[in-house]
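Contents: one structure, followed by commentary.
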Amino acid sequence: MDRLKDSDSRFKGLEIKIGLLVLIVLVGIAFVVISLGIERGIFTKKYTLYFITESGEGFREGMPVKLSGFNIGRVKNIELAKDARVTVYLEINNKYHGWLRSGSVARVIKEGFIGDAVVEVTVGKPGTKEYAEGEMIPFEKAGGMAEIVNEVKPVLNEIKEIIHYINDPAGDIKKTLSNVQNVTAGMLTTREKVDSLLDQTGTTVKKVQGLVDSVAENTGPAMESTARIIKNMEQISLKLVPTMERIDRIAGNAEMATQRLPAITDKLERTIDNVKGMSDALSNDAPRIGEILMDAGDAARDGKALVKGVRESWPGRLVAPKPRSPELVPFDGSLMNVERR
Amino acid sequence: MLIGLIASFAFGCAAKEKRPSVEEKAVDASMRGSEAFANRDYAVALVRFEISLQLNRAVDNRHGELVDLINIARAYIALADYQNAGDRVEKAITLARSLNDNRKLAEAYATYSKVRWMAGDSQAALTEINKAISIDAKDGINSGGLLNLKAELLIDSGTGAEPLQVEKAEPFQRAEELLFTALSLNKREDNAAETANSYRALARVSELRMKWNDALAFYSKAYDIDKPAGDPIKITIDLMGMAGSNLALKRPDEAVFLFGRAYVVSANAGLTARTVESLDKLIITYKEMGNAEKADFYSRIRDTMSADNGSGGGRAK
């Protein structure tokens, strides 16, 4: 037995050390457990509410219960009642007791578009009685896909009926469309008549224009000649200015000339004597001047006739302008396009 | 000095630029009136011819006055005013006789023939056209247009035969003879308008004899000439004629198509009476074809037109 005795100093108090270690581990484990428990609300005080629904579909135990997005509890239990309805028990954290009052309702919603289903409870009316332990909270049925389909089905049927009504050839819509078409056709004809009225108006306007043209034609030449006269007078008045200046110059020259008059007079007398001599010689040929003038007139007439002959011959016709003459409008030998009394 | 005198004399005889005379202005107005007439602008043509008449009378230009009187009468005929037309053409006849202008006298008688017919006196119309033809014949002139008119007057009389003459073997034979003569004359003179008139009148004769294939052929030939000429009245008449012939030949589909075209042309040209006539034909034909929908459709248009216009009006052929 002495050989089993441990005499190493390192083994002294070994039991105590082991005991301590175990204790520490146990404490650690306990700490972790307790922390986890606190975190998961195991030690949190809770109270229970319940609601009744037609079907337990979509519910499961442990399903979160949320208020305004906050997790306040979970579905504790789901039971089938004798009347085949389902009682769902909610375990709610006492901390949120104050929000669940009269007016609060529970409903199932999906978190996000394809998220998990949760039970949502709403906040009750302020100042009202809080739900007590074990009390029933009303359940509000929110539409699932089946409900949506059920709601849409009658709408689709209605739409089908409306389409059928619209397409019915004997129906009001088709008849109305047909009438609209007819009215439109009538309007087209009316438009055509308006066009023809406009044409007639245009013809009337042209008539008036023609009358205006005729007035303009009659008055135009008179106005043109008046304008020409005025223009001529302007030109004449412009020409008068230098003429006046020339008259002044001439008057000046005349003064100078009168001073030279005696010398000019002497020269004039000598010139007159010369002219007298020439006129005596000319008077012998006077009878021939008349003949010369007559020959000149005949030559002018012959020249005119020659010009006329050239004009009327084919080369001349090509260059000479054609004389115009009025023509009859064509005679229409048909009665088919004429109105009769 | 003598050379200068002669030179100034010669230059003095040279033509000077002169202002247009009253006669030239009358010619100008008359020619502008003829242009408006060719464009089927009859009201404007009338005004211009009247101006020309005044100017010609102001300078006693009787030949010009005669031309103006006949042109004014023809413009009034185109405007369906036979009373004013008659007044002018009677003056033209008097003036043409005084001027011994046989050509213009024949034209005046031909115009007067139309006026008498418009006034409802077919017998007087025939008398006047015979005067016109005989005057031309004396001068060796044959006018296809006058023969066309005479033939149509004979057709219109119901027998197609000359008064007080023995009836030919076939109805409207005399009218037909005149029309074929007119046709060859018109073709020779390259007168497209009168050639179309001849064809149209021949079609009318064929219709009266119920020879529908011939009627269709003649109307088609008239249409081929009238369409490029662009006269909506004649085009409508041709289309209606072709449609009627097709209908008689038991070809209702072609008939309704052509009646439809006649409706479109006449409606767009503002020819109310012919529009109503074409609509009536469409309605009747569609009803006979059993197409109530189309008949209804055109009936509504017809009713709208009647409500707006009061009545169809005009002379339907």
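We did not get these values from a lab; they are worked out from the coordinates using the rules stated. Every value quoted in this text rests on a predicted model; they were computed, and no experiment measured them. Every residue, glycine among them, receives a Cβ derived from its backbone with ideal geometry; neighbour counts consider all protein chains shown.
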For chain B: relative contact order, % (alpha-carbon pairs under 8 angstrom, 6 or more apart) | 7
Estimated inter-spin distance, residue A:194 and residue A:173, nm [label 7 Å along Cα→Cβ] = 3.1
Would you calculate the separation in nanometres between label points at residue A:187 and residue B:177, each defined as 7 Å from the Cα along the Cα-to-beta-carbon direction?
-> 6.1
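Rounded to the nearest 0.05, what FRET efficiency is calculated for residue B:187 and residue A:156 with R0 set to 56 Å and r the Cβ-Cβ distance?
0.15
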Across B:250/B:281; B:104/B:131; B:150/B:250; A:45/A:76; A:46/A:66, pairs whose alpha-carbon gap is larger than 23 Å = B:150/B:250
Using a 10 Å cut-off on Cβ to Cβ distances, tally the other chain neighbours for every residue of B:138-145 and report the average as a whole number.
-> 1
What does the average come to when, for each residue of peptide B:46-52, you count the partner chain Cβ atoms lying within 10 Å of its Cβ?
-> 4
Given the pairs A:82/A:110; A:207/B:234; A:193/B:227; A:175/B:234, which are separated by over 31 angstrom at their Cα positions?
-> A:175/B:234
Between residue A:38 and residue A:130, what is the FRET efficiency for a Förster distance of 22 Å, r being their Cβ-Cβ separation, to the nearest 0.05?
-> 0.30
Using amide H atoms built 1.01 Å from N in the peptide plane, name the residues 5+ places from residue A:63, or on other chains, whose amide H lies under 5 Å from its own.
-> A:75
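Relative contact order of region A:1-125, please, whole-number percent, based on alpha carbon pairs below 8 angstrom and at least 6 residues apart.
It rounds to 21 percent for region A:1-125.
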In debye to the nearest 20, how big a dipole does chain B give about its Cα centre with +1 on each Lys and Arg Cβ and -1 on each Asp and Glu Cβ?
-> 180
May I ask you to derive the relative contact order of region B:164-281, considering only C-alpha pairs under 8 Å and at least 6 residues apart, and to give it as an integer percent?
-> 17
Using only atoms on other chains, find how many Cβ atoms lie within 10 Å of each Cβ of peptide B:110-116 and report the average.
-> 2
Search the structure for amide H atoms under 5 Å from the amide H of residue A:90, placed 1.01 Å from N in the peptide plane, and list their residues when 5 or more places away or on another chain.
-> A:49, A:50, A:51, A:76
Using the Cα centre as the reference, give the magnitude of the dipole from point charges on the C-beta atoms of region B:222-317 (Lys, Arg: +1; Asp, Glu: -1; all else neutral), rounded to the nearest 20 debye.
-> 140
